[in-house]
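Everything on this sheet refers to the single structure shown next.
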Amino acid sequence: MSHRIAYTDEAKAGRGALDPKRRKDFDTGVAVLARAPYGCGSRAVKGDRDRRDATIGCVAVIRYEVSSGVLTITVLRVVPAP
């Protein structure tokens, strides 16, 4: 089962700032995360199981929230890796 991915405006801007190759790699990593939102090396933020940080390959670090009841992951922030 896969979660739907949604982006805040800030996260959309961060994703949009990636060059096309990195954006493709980012989208591939997020698709994997959508199938396993509590795995993929992610970690809970301040003990909140549903608010998480993850590194997407060498592309970006993201903060996201999992809404299991509606099978949605909302990406809150995208920080491109150097």
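The values are calculated or read from the model by the stated rules, or taken from the named source; none is laboratory data. In this text, all values refer to a predicted model and were calculated from it rather than measured experimentally. Methodologically, a virtual Cβ is constructed for each residue, glycine included, from the backbone with ideal geometry; neighbour enumeration extends over all protein chains shown. With ligands, DNA and RNA removed, areas are computed over all heavy atoms of the protein, side chains included. Shrake-Rupley method; radii C 1.70, N 1.55, O 1.52, S 1.80 Å.
Numerical summary
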{"quantity": "Residue check, Arg49 open to solvent by 60 Å² or more (accessible area, probe 1.4 Å) and over 19 Å from Pro82 (Cβ atoms)", "calculated": "yes"}
{"quantity": "Complete set of residues in region 38-57 that are in contact (Cβ under 8 Å) with a residue 24 or more places away in the chain and touching a helix residue (DSSP H, G or I) at 6+ places or on another chain (Cβ under 8 Å)", "calculated": "Ile56, Gly57"}
